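This report refers to the structure that appears directly beneath it.
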């Protein structure tokens, strides 16, 4: 008999994993609690744009769909452009020549992935079915048809819970198991999205091939390009702390005052700021850690296992890397699912924790430091080291974004490098000696 696979959630990770499993010859059914998003109009600005980087591309390449995504959806961003309070722009490349991260819209990417899943072979997506729980012993999932109110029970050879940060499989079943560890941590800042439209002729109002950042200490605004000439912009700000916070911006006049004072150049570009502000919801940001990720023949993948905040642009990429890693373990162990899943969580749990640490760390970098002269000089020193001694020094951002180095290894190495650079930057004459071989030797000696 054909082996049956159930995937809970038709999001980015669930859809990609359906492609993987279909190509391995399984019969795949994906159950999605929402209706088919492809039948609704997808509007830019409804969710944080995603940054596709090397780990994600590797997973897409493995099943032969990277070129289609690249040609239809992806806009290369070769660096970040910082917008100063005085309107001055500072460009910082992300990596070496030719390296870029790619802006993709969440809705557009999700729609494409669902279509690719259905096109890949024996994949069926069932909509409007909410998971009510899993019987781990029977490998049986229960779903509620939200249109009819009828429950169905589905058995499978394996069940993959790819149903996001607030996973129903985890909440309804895993969290009720003895000795299941669970932590949900909301950061103190929320986010609201705004849409910066294209010019009347369809051209971009900002440089298309960059991620734009307005770093303002406790506030940060970012903008990522869309295919139609617009930018999806996201404001990160405290919910309730200080004069300017989401809770304290209660009137249209206060919103205008805030942007005129804190982001004057952005305000000048926005034709309908107040309208956009009022139309887009305020959202929270959470980190979710849990363990174990699997019971018998059911496993968590992607955000369901290790949801993080978006400040390293690795949420989708780490979820896609889960698919790549799981596939490699099936190659090694076959479909001995308990063995595969145990190996998967042993390998990926430390990396899931590490990308969460990295994401919080990069939030402070983006928010507080990217416009700072000393920080920019430090990055120049690191880039110089990386260029001359690539086998000894790779900047943390490049380790995370332009390599497949395990996140945990990148975090440990990056923290060691940061401690070294913190001491180096204390030297009073650093601006005079930063390009000297003497300084290079001093840094490299501390790596031994």
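The values are calculated or read from the model by the stated rules, or taken from the named source; none is laboratory data. Being a predicted model, the structure only gives us computed values, none of them experimental. All Cβ positions, even for glycine, are placed from backbone atoms using ideal geometry, and neighbour counts span all protein chains on display.
Within the stretch 85-100, identify whether any single residue is modelled with pLDDT of 95 or more, surrounded by 19 or more Cβ atoms within 10 Å (Cβ to Cβ) and not assigned by TED's automatic domain parsing to the domain that holds residue 19, and answer yes or no.
Yes, the stretch 85-100 contains at least one residue that is modelled with pLDDT of 95 or more, surrounded by 19 or more Cβ atoms within 10 Å (Cβ to Cβ) and not assigned by TED's automatic domain parsing to the domain that holds residue 19.
Does the stretch 25-39 contain any residue that is under 18 Å from residue 106 (Cα atoms) and in contact with a helix residue (DSSP H, G or I) (Cβ under 7 Å, 6 or more places away or on another chain)?
The answer is yes; a qualifying residue exists.
Report whether or not residue 396 is farther than 24 Å from residue 217 by Cα, surrounded by 16 or more Cβ atoms within 10 Å (Cβ to Cβ) and modelled with pLDDT under 95.
Against the criterion (farther than 24 Å from residue 217 by Cα, surrounded by 16 or more Cβ atoms within 10 Å (Cβ to Cβ) and modelled with pLDDT under 95), residue 396 does not qualify.
What are the residues in the stretch 176-219 that are without any contact (Cβ under 8 Å) to a residue 40 or more places away in the chain and either in the same structural domain as residue 305 (by TED's automatic domain parsing) or assigned to a strand (DSSP E or B) (or both), if any?
Result: 176, 178, 179.
Out of all the residues in the stretch 421-434, which are within 11 Å of residue 382 (Cβ to Cβ) and under 28 Å from the mean Cα position of the chain (by Cα)?
Once the filter is applied, which keeps residues that are within 11 Å of residue 382 (Cβ to Cβ) and under 28 Å from the mean Cα position of the chain (by Cα), the stretch 421-434 yields only 421.
Looking only at the stretch 262-280, which residues are in contact (Cβ under 8 Å) with a residue 12 or more places away in the chain and over 12 Å from residue 194 (Cβ atoms)?
Scanning the stretch 262-280 gives 262, 264, 265.
List the helices (runs of 4 or more DSSP H) inside the stretch 233-320, counting only whole elements, that have at least 2 residues being over 16 Å from the mean Cα position of the chain (by Cα) and surrounded by 14 or more Cβ atoms within 10 Å (Cβ to Cβ).
Those helices (runs of 4 or more DSSP H) span 252-262, 264-269, 273-279.
Checking residue 404 against (1) modelled with pLDDT of 95 or more; (2) in a helix (DSSP H, G or I), which test does it fail?
(2)
Please go through (1) modelled with pLDDT under 95; (2) not assigned by TED's automatic domain parsing to the domain that holds residue 127 for residue 38 and return the number of the only condition it doesn't satisfy.
(2)
Of the residues 130, 117, which single one is touching a strand residue (DSSP E or B) at 6+ places or on another chain (Cβ under 7 Å) and either under 20 Å from residue 319 (Cα atoms) or part of a loop (DSSP other than H, G, I, E, B) (or both)?
From the options 130, 117, the qualifying one is 117.
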